[in-house]
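Shown next, in structure tokens, is the structure this report addresses.
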Amino acid sequence: MFAQLLRRKKLVYSFIVALVLIVGVQFIYLPYQIRTVNPAESISERVAVAGSEHVEKGDFLFTSILSITKPNPVMYLYYKLQKYAEFEPIEKVMANITNLTAYNQLMEWMRDDSEQNAIIAAYRYLQKPILIEPEGVIVQSIPKESKSYGKLQEGDIIIGLEGENIRSADDLRRIIAGKKDGDVCKMKITRGREQLELELPLMSYPSGDQTNKVGFYFYFDDVKKSTPTEEIKFNLDDIGGPSAGLMLSLDIVSKIERKDYTRGYKVAGTGTMDEEGNVGQIGGIKLKIVGASQEGAEYFFVPKDVNPSNSNEKDAKAMVAEIGSNMKLVPVATLKEATEFLLKLPEK
């Protein structure tokens, strides 16, 4: 009898220990980012152009990747067993970015900026007028040598300096012109939904980086807002980064012209888009190829390798061969190349 009670107690204790370990492991975070396949998705419901009906007999598919930052051990082991998953140390993903909040904030701005570029590129392709206005300055990166490091962070948007409104980088340069190393400026920024006021010192740029210039020593760009003649709305809040730009532009062009650019096919793709309609390289191309192929895409627009450092086209070809997909790759360097290819396709 005593031995049975002892065995039961041991079983109970073992169960409790196992339960504590299982629960506890959920709160252990490993210093990695996991990237894996996300199914390609129709873009038609993600872009709305007022007054335009859906005319495509086929479909434009945009591609993304599923990204998991700092997984727990269970998730890590699960994705280690998956065929298509990439693992990267978090310090490499973050590079010199201040923190994870700044990283996410920067990815959100890249998405918003890609939406604006997609609209502008589409309108310029269609030779339609469009108003473009700056509405702030985005902080893109901050060298550790900068006196602003640790105070500003990537993704912050500068909206005021020394009591003046900041709408563009030119405003920023004008206000600090004539100031000297060590002068302190009052800056107003937005960080996410917060509005903050900071005091930041100016400094002489290190030798070799705009020598003898005085400034805050961080890298920045204008935040722009376009006002198209048609009302265009996006539903991409769950997506980060700029890689949907090409497919957004194609869908906008198709909807404004009310012309079926899909020609009845499932057309997937990826690539950044600038204001002039140039397609740029992106990350995660191999995973995006898998996601598009799994959704039955017949054609895939891939950024053309135009420079020696580019590899999207080469990597896409390798992955198509690896998975034995019948999907046809179409390398493009511009929005115009993509539309010209589609318009030459026989209707399905």
Hey, D305 in contact with a helix residue (DSSP H, G or I) (Cβ under 9 Å, 6 or more places away or on another chain), assigned to a loop (DSSP other than H, G, I, E, B) and either free of Cβ contacts under 8 Å to residues at least 12 places away in the same chain or not assigned by TED's automatic domain parsing to the domain that holds V55 (or both) or not: no
Please state which one of I132, I176 is in contact with a helix residue (DSSP H, G or I) (Cβ under 8 Å, 6 or more places away or on another chain) and of a type in the set (A, V, I, L, M, F, W, C). I132
So K259 clears everything in (1) of a type in the set (K, R); (2) touching a residue at least 12 places away in the same chain (Cβ under 8 Å); (3) assigned to a helix (DSSP H, G or I) except one condition, right? Which one? (3)
Can you name the number of the only condition in (1) modelled with pLDDT of 95 or more; (2) out of contact with any helix residue (DSSP H, G or I) (no Cβ under 9 Å at 6 or more places or on another chain) that E257 fails? (1)
How about the stretch 52-90: which of its residues are of a type in the set (K, R), under 25 Å from the mean Cα position of the chain (by Cα) and not in a helix (DSSP H, G or I)? K70, K83
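So which of V290, V279 ends up being of a type in the set (A, V, I, L, M, F, W, C) and without any contact (Cβ under 8 Å) to a residue 60 or more places away in the chain?
Result: V279 is the single residue among V290, V279 that is of a type in the set (A, V, I, L, M, F, W, C) and without any contact (Cβ under 8 Å) to a residue 60 or more places away in the chain.
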Residue check: is G241 surrounded by 13 or more Cβ atoms within 10 Å (Cβ to Cβ), at positive phi and assigned to a loop (DSSP other than H, G, I, E, B)? yes
Test I232 against the criterion of being within 23 Å of I68 (Cβ to Cβ), assigned by TED's automatic domain parsing to the domain that holds S67 and not hydroxyl-bearing (S, T, Y), and give yes or no. no
I'd like the residue in the stretch 310-348 that is of a type in the set (V, I, T), closer than 17 Å to E298 by Cα and not in a helix (DSSP H, G or I) and, out of all such residues, is nearest to the chain's Cα centre (by Cα). V332
Any idea which residue in the stretch 216-238 is surrounded by the most Cβ atoms within 10 Å (Cβ to Cβ), counting only those that are in a loop (DSSP other than H, G, I, E, B) and not aromatic (F, W, Y)? P228
Tell me which residues, restricted to the stretch 50-66, are touching a strand residue (DSSP E or B) at 6+ places or on another chain (Cβ under 8 Å) and either surrounded by fewer than 19 Cβ atoms within 10 Å (Cβ to Cβ) or not hydroxyl-bearing (S, T, Y) (or both). A50, G58, D59, F60, L61, F62, I65, L66
All but one of (1) closer than 23 Å to N278 by Cβ; (2) crowded, with 16+ Cβ neighbours inside 10 Å hold for S146; which doesn't? (1)
Breaking point among (1) closer than 20 Å to E86 by Cβ; (2) touching a Ser or Thr at 6+ places or on another chain (Cβ under 6 Å), for G280: (1)
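The values are calculated or read from the model by the stated rules, or taken from the named source; none is laboratory data. Predicted model, so just to flag it, every value in this text is computed and none were measured. Positions of Cβ are generated from backbone atoms using ideal geometry, with glycine treated the same way; all protein chains shown enter the neighbour counts.
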